[in-house]
Amino acid sequence: MCGVIGYVGLGANPDFFFNGLKRLEYRGYDSAGIAMLTSDGTISVERAEGKLANLQSKLARLPAKATVGIGHTRWATHGRPTENNAHPHRSGDIVLLHNGIIENYRPLKEALMAKGYTFTSETDTEVAAHLLNAEYSALPASLPAFEKMQKAIYKTVAQLKGAFAFGILCTKTPDVLYAVRLGSPMVIGEGEGEYYMASGITALVEHTRRVMFLEDHEVAFLRSSGLTLTDFQGAPVKRDFQKVEWSVSMMEKGGYRHFMLKEIHEQPQAIAQTLQGRLEREAGRVNIVDYGAAALPLKSIDRLQIIACGTSFYSGLLAKFFIEKFARIPVEVDLASEYRYRVSTVTKNTLAVAVSQSGETMDTLQAIKFARSSGAFTLGVLNVPGSSIAVACHAESLIHAGPEIGVASTKAFSAQVTNLMMLGLALAQERETMKPNEIGQVIEELVKIPAFVEQCLGLSDAIEKLANKYHSERSILFIGRGPQWAVALEGALKLKELSYIHAEAYAAGELKHGPIALIDEDLTVVCLAPRDEYYEKTISNIEEIKARGGKILAVGTEGDKDLMALADDFIGVPPTSSIVSPFATTVPLHLLAYWIAVRKGTDVDQPRNLAKSVTVE
Ligand code: M6R
């Protein structure tokens with residue numbers, strides 16, 4: 001969580017930092033701040049409580065231009081979202097901002113207070129600012145300021161426990177930007193006579209596409225003339241810049257009212273990009289791994305553990321049905337936040353797959369590290385290039401969905417499921433559980449998905465009308481069977497996070513084991529019942545709801561008169577195969593959550609209390 005931006009060069013104005021923070025606002029949006037340091041060593045800091053827009057009126061108080069500066073948008077962990085708790089924090093000559101959590105901040109704070117440091121915030125970050133200042137001030141005044149800063153940074157990070165990405169300025173070195181990373185993302189961008197730093201490439205691509213991802217235990221010392229990279233002991237590190245493919249237009253709303261709506265509509269393209277270059281249609285073969293492929297022992301894998309959170313967890317649950325079917329291999333899907341609290345049962349033949357859009361989710365990162373240290377082969381199914389989870393895994397497969405800015409994940413879900421289905425096929429081909437012609441048949445279904453999803457997007461207007469009817473519900477139940485159960489879970493999550501309506505999803509067959517007690521005339525149940533192998537049984541469950549007076553909003557196959565007769569409202573998706581069907585039914589649920597949120601007037605792209613990338617446990 002939290003977005004950080006930084007600049008060093010010939011000169012940047014306040015808008016540079018503000019616009020950079022706007023690109024990162026999805027990472028946190030409860031307070032923000034900017035610090036600018038001019039070449040004469042004058043530092044100006046402006047901070048504001050609440051959304052980034054509140055900082056805008058303060059930009060005029062900042063200098064018109066500065067050689068170096070940093071900005072921050074916060075997702076509160078320690079301390080309420082007030083102006084005092086907003087970053088950057090200042091201590092003497094030092095101004096610092098932080099993404100992450102300093103776990104041992106309490107004893108450090110007490111020691112610093114005993115030394116006479118006064119705290120003006122409730123944050124863990126202020127501890128780092130004072131500690132760095134204490135280390136800096138303890139060094140001989142005769143040393144050059146830059147050398148003092150280097151030494152002080154190494155001494156400071158050696159005392160900190162937790163995760164941190166710091167951006168630091170020192171008034172005595174007005175030509176240097178310091179960037180530090182341990183456990184929280186930090187990207188460096190290279191321009192013409194200038195360098196940038198940010199928590200994500202979304203903030204950089206309008207300035208440069210040449211980026212370098214800092215790794216853990218690294219510090220970058222950035223000057224307009226060049227960059228030095230070292231580890232936390234001061235040993236030099238060498239790494240080249242690489243080119244990223246993301247463009248500015250990918251990060252604009254492109255005429256859509258919200259990023260979420262744009263991203264829902266980008267699903268056909270996202271799925272197509274995931275498939276691109278990975279399928280050999282004629283030969284009936286797939287190849288999904290971008291790096292680490294050679295080492296990936298698909299042939300000897302005898303068990304899969306998919307580890308993820310939130311929507312990525314549901315994409316794993318959905319894919320499980322297909323991977324087991326294709327590869328005849330047991331697939332466990334684990335919530336990352338629970339995974340490492342169990343006794344590890346992995347073997348060298350276990351493939352642990354971390355699924356994450358951001359690649360930074362701390363729960364998933366820690367879980368996959370645990371799986372790797374327990375002996376599993378690890379694969380990251382990820383969207384953002386150069387992420388922490390990618391670094392932690394043996395191998396990576398990017399979903400290529402493009403930047404997802406809306407906090408609610410949509411296109412990443414569909415692209416993840418597509419990617420995992422291909423993983424199932426890759427396993428099937430290595431384990432020889434499917435013949436090439438059978439794999440070829442599935443491939444022919446996979447390539448149809450974008451067009452079907454495109455057709456389902458045409459339901460948007462009808463679903464907007466339904467949202468007018470259902471927006472004032474207090475609670476909505478979702479049911480589905482087989483893969484549709486995972487779709488139901490995803491639909492319920494989307495509804496609650498966007499509209500704050502209580503929503504739960506159950507496997508349709510599970511209803512009679514308890515939740516059916518909730519059914520009365522006031523409860524709406526979204527029933528997923530496309531014409532698939534589970535249809536008849538799901539229909540029986542819908543009858544049970546009907547018999548108890550529940551309201552039924554059914555999502556089924558176009559023209560299904562039986563289902564229409566049972567339902568109060570009906571959303572019809574085109575008839576498809578069982579492989580395409582979950583993608584088709586996902587679209588109406590994403591749209592339903594979207595339009596209900598719009599109708600209720602909630603903040604669609606930045607729902608309350610949430611952040612796009614959750615880098616705390
Ligand atoms: O970046 P990740 O895929 O690892 O994120 C996992 C969850 O935090 C994320 O899917 C979250 O549940 C979304 N807000 C759901 O829309």
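The values are calculated or read from the model by the stated rules, or taken from the named source; none is laboratory data. Note that this is a predicted model, so its numbers are computed, not measured. No Cβ is skipped: glycine too gets one built from the backbone with ideal geometry, and neighbour counts run over all protein chains shown. With ligands, DNA and RNA removed, areas are computed over all heavy atoms of the protein, side chains included. Shrake-Rupley method; radii C 1.70, N 1.55, O 1.52, S 1.80 Å.
Table for the structure above
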item: Residue in the stretch 365-373 that is assigned to a strand (DSSP E or B), away from the ligand (no atom under 16 Å from the Cβ) and surrounded by fewer than 21 Cβ atoms within 10 Å (Cβ to Cβ) present; result: no
item: Conditions (1) open to solvent by 10 Å² or more (accessible area, probe 1.4 Å); (2) among the acidic types (Asp, Glu); (3) within 29 Å of the chain's Cα centre (by Cα): number failed by Glu126; result: (1)
item: Scope the stretch 330-359; condition of a type in the set (Ser, Thr, Tyr) and in contact (Cβ under 8 Å) with a residue 60 or more places away in the chain; matching residues; result: Ser337, Ser358
item: Residue within the stretch 6-15 that is surrounded by 21 or more Cβ atoms within 10 Å (Cβ to Cβ) and assigned to a helix (DSSP H, G or I) present; result: yes
item: Of all residues making up the stretch 243-270, the number that are within 18 Å of Tyr26 (Cα to Cα) and in contact with a Pro (Cβ under 8 Å, 6 or more places away or on another chain); result: 3
item: Residue satisfying all of: in the stretch 217-241; open to solvent by less than 60 Å² (accessible area, probe 1.4 Å) and among the small types (Gly, Ala, Ser); nearest to Thr38 (Cα to Cα) among these; result: Ser224
item: Lone unmet requirement of (1) closer than 25 Å to Arg474 by Cβ; (2) surrounded by fewer than 24 Cβ atoms within 10 Å (Cβ to Cβ) for Ala597; result: (2)
item: The stretch 326-361 - residue that is within 15 Å of the ligand (Cβ to nearest atom), open to solvent by 10 Å² or more (accessible area, probe 1.4 Å) and of a type in the set (A, V, I, L, M, F, W, C) and, of those, farthest from Pro185 (Cα to Cα); result: Val333
item: Residue that is acidic (Asp, Glu), under 15 Å from Thr156 (Cα atoms) and not in a loop (DSSP other than H, G, I, E, B), where the choices are Glu110, Glu135; result: Glu135
item: Lone unmet requirement of (1) free of Cβ contacts under 8 Å to residues at least 60 places away in the same chain; (2) away from the ligand (no atom under 14 Å from the Cβ) for Ala395; result: (1)
item: Some residue of the stretch 477-490 being touching a Leu at 6+ places or on another chain (Cβ under 7 Å) and surrounded by fewer than 17 Cβ atoms within 10 Å (Cβ to Cβ); result: no
item: Filter pass, Tyr500 being at pLDDT 95 or above, over 30 Å from Asp605 (Cβ atoms), surrounded by fewer than 21 Cβ atoms within 10 Å (Cβ to Cβ) and not acidic (Asp, Glu); result: no
item: Boolean, Gly71 is part of a strand (DSSP E or B), modelled with pLDDT of 95 or more and in contact with a Phe, Trp or Tyr (Cβ under 6 Å, 6 or more places away or on another chain); result: yes
item: Complete set of residues in the stretch 405-424 that are near the ligand (Cβ under 10 Å from one of its atoms) and either open to solvent by 10 Å² or more (accessible area, probe 1.4 Å) or among the aromatic types (Phe, Trp, Tyr) (or both); result: Val407, Ser409, Phe413
item: Residue list for the stretch 279-302, filter: open to solvent by 40 Å² or more (accessible area, probe 1.4 Å) and at pLDDT 90 or above; result: Ser300, Asp302
item: The stretch 526-539: number of residues that are open to solvent by 60 Å² or more (accessible area, probe 1.4 Å) and within 17 Å of Pro515 (Cβ to Cβ); result: 1
item: Which numbered condition Lys469 misses (of (1) in contact with a helix residue (DSSP H, G or I) (Cβ under 8 Å, 6 or more places away or on another chain); (2) more than 13 Å from the ligand (Cβ to nearest atom); (3) open to solvent by 10 Å² or more (accessible area, probe 1.4 Å)); result: (1)
item: Lone unmet requirement of (1) within 27 Å of Val604 (Cβ to Cβ); (2) touching a helix residue (DSSP H, G or I) at 6+ places or on another chain (Cβ under 7 Å); (3) modelled with pLDDT under 95; (4) open to solvent by 10 Å² or more (accessible area, probe 1.4 Å) for Val384; result: (2)
item: Scan of the stretch 197-216 for residues that are open to solvent by less than 10 Å² (accessible area, probe 1.4 Å), touching a Phe, Trp or Tyr at 6+ places or on another chain (Cβ under 9 Å) and not in a loop (DSSP other than H, G, I, E, B), ordered by number; result: Met197, Ile201, Thr202, Ala203, Val211, Met212
item: Filtered residue count, the stretch 386-412, keeping only those that are closer than 25 Å to Arg372 by Cβ and touching a Phe, Trp or Tyr at 6+ places or on another chain (Cβ under 7 Å); result: 4
item: So Tyr154, is it more than 33 Å from the chain's Cα centre (by Cα), of a type in the set (Ser, Thr, Tyr) and crowded, with 16+ Cβ neighbours inside 10 Å; result: no
item: Residues of the stretch 214-228 satisfying the condition of being within 27 Å of the chain's Cα centre (by Cα) and of a type in the set (A, V, I, L, M); result: Leu214, Val219, Ala220
item: Filter result (more than 14 Å from the ligand (Cβ to nearest atom) and touching a helix residue (DSSP H, G or I) at 6+ places or on another chain (Cβ under 6 Å)) within the stretch 488-502; result: Ile501
item: Scan of the stretch 524-533 for residues that are modelled with pLDDT of 95 or more and either closer than 15 Å to Asp560 by Cβ or in a loop (DSSP other than H, G, I, E, B) (or both), ordered by number; result: Cys527, Leu528, Ala529, Pro530, Arg531
item: Any hit, the stretch 436-447, residues being within 16 Å of the ligand (Cβ to nearest atom), within 24 Å of Lys299 (Cβ to Cβ) and open to solvent by less than 10 Å² (accessible area, probe 1.4 Å); result: no
item: Members of the stretch 242-251 found to be of a type outside the set (S, T, N, Q) and open to solvent by less than 40 Å² (accessible area, probe 1.4 Å), listed by number; result: Val244, Trp246, Met251
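Yes or no, residue by residue, for (1) more than 16 Å from the ligand (Cβ to nearest atom); (2) not in a helix (DSSP H, G or I):
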site	(1), (2)
Ser577	yes, yes
Thr585	yes, no
Leu592	no, no
Val604	no, yes
Val614	no, yes
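To keep it simple, each residue is scored yes or no on (1) part of a strand (DSSP E or B); (2) more than 20 Å from Thr73 (Cα to Cα).
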| position | (1), (2) |
| --- | --- |
| Ala129 | no, no |
| Lys148 | no, yes |
| Lys151 | no, yes |
| Gly167 | yes, no |
| Arg181 | yes, no |
